[in-house]
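Note sheet for the following structure.
The values are calculated or read from the model by the stated rules, or taken from the named source; none is laboratory data. Please read these numbers as outputs of a predicted model, since none were measured by experiment. Note: ideal-geometry Cβ built from the backbone for every residue, glycine included; neighbour counts use all protein chains shown. Keep in mind that these areas ignore ligands, DNA and RNA; they rest on the heavy atoms of the full protein, side chains included. Shrake-Rupley method; radii C 1.70, N 1.55, O 1.52, S 1.80 Å.
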Amino acid sequence: VSNGVNHNYAFVQQESIQFPESIMDNIIIDKEKERRKIESVIQSVNLEAILLQDENFLGKKLNPTVNADGISLSGGQFQRLTISRGLYQDSQLLILDEPTRGIDAGARGDVYRIIQELKERGLAILMISSDMEEIVQLSDRAVTMYHGRLNAEFVGEDINQGNLMSASFGVVKGEKVS
């Protein structure tokens, strides 16, 4: 997660790094922030329930070590951990780069629900995705590119696979973007 502390945004990269540290250390960048905040962030991405399912981690749910001698996270769990890094920054804008790339269908549904919940809470989300289904399901507004330039904008029901595909191949059917 890159953080734009001075710009009030957080960027969740497609290929994020998993540190061989505790779950808490994988989320916190500023070690001085309080424990309640980290617990809130973990709950908002549904990671707490996963950690509580394993009886070995009851009582130390925030401190299991990732990798090596600790727990191993699935792709979906790791993606939620990565999203929680961005949420921890209290940013007004969360930029998600290919948020469900490489995760299974069940985890994809979990990430979709998290994104919807964050939108409902008023967090601005900029999603970069090559997955048309994902764009149609999650977007309030979509912008397409053709030959490296923005070429069309779609809002509401105009966000559909046909319009997105056409615009992505240069056949613009949406509002032109200059």
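Here are some notes:
- Subset of region 117-129 (residues that are surrounded by 13 or more Cβ atoms within 10 Å (Cβ to Cβ) and part of a helix (DSSP H, G or I)): Glu117, Leu118, Lys119
- Taken over region 43-70, the criterion of being polar (S, T, N, Q) and either modelled with pLDDT of 80 or more or loosely packed, with under 13 Cβ neighbours inside 10 Å (or both) is satisfied by Gln43, Ser44, Gln53, Asn56.
- Here the condition is being within 30 Å of Gln89 (Cα to Cα), modelled with pLDDT under 95, among the aliphatic types (A, V, I, L, M) and open to solvent by less than 60 Å² (accessible area, probe 1.4 Å); of Met132, Met145, it holds for Met132 alone.
- Near pairs, Cβ below 7 angstrom, 6+ apart or cross-chain, from region 155-178 (polar (S, T, N, Q) and assigned to a loop (DSSP other than H, G, I, E, B)) to any residue that is open to solvent by 40 Å² or more (accessible area, probe 1.4 Å) and modelled with pLDDT of 90 or more: Asn160/Val136
- For region 148-172, the candidate set comprises residues that are more than 29 Å from Gly109 (Cα to Cα) and surrounded by 15 or more Cβ atoms within 10 Å (Cβ to Cβ); within that set, the residue that is modelled with the lowest pLDDT is Val172.
- From Ile95, Ile103, Ile114, residue being at pLDDT 75 or above, surrounded by 15 or more Cβ atoms within 10 Å (Cβ to Cβ) and in contact with a Phe, Trp or Tyr (Cβ under 8 Å, 6 or more places away or on another chain): Ile95
- Selection within region 71-92 - polar (S, T, N, Q), in contact (Cβ under 8 Å) with a residue 24 or more places away in the chain and open to solvent by 10 Å² or more (accessible area, probe 1.4 Å): Ser74, Gln77, Gln79, Gln89, Ser91, Gln92
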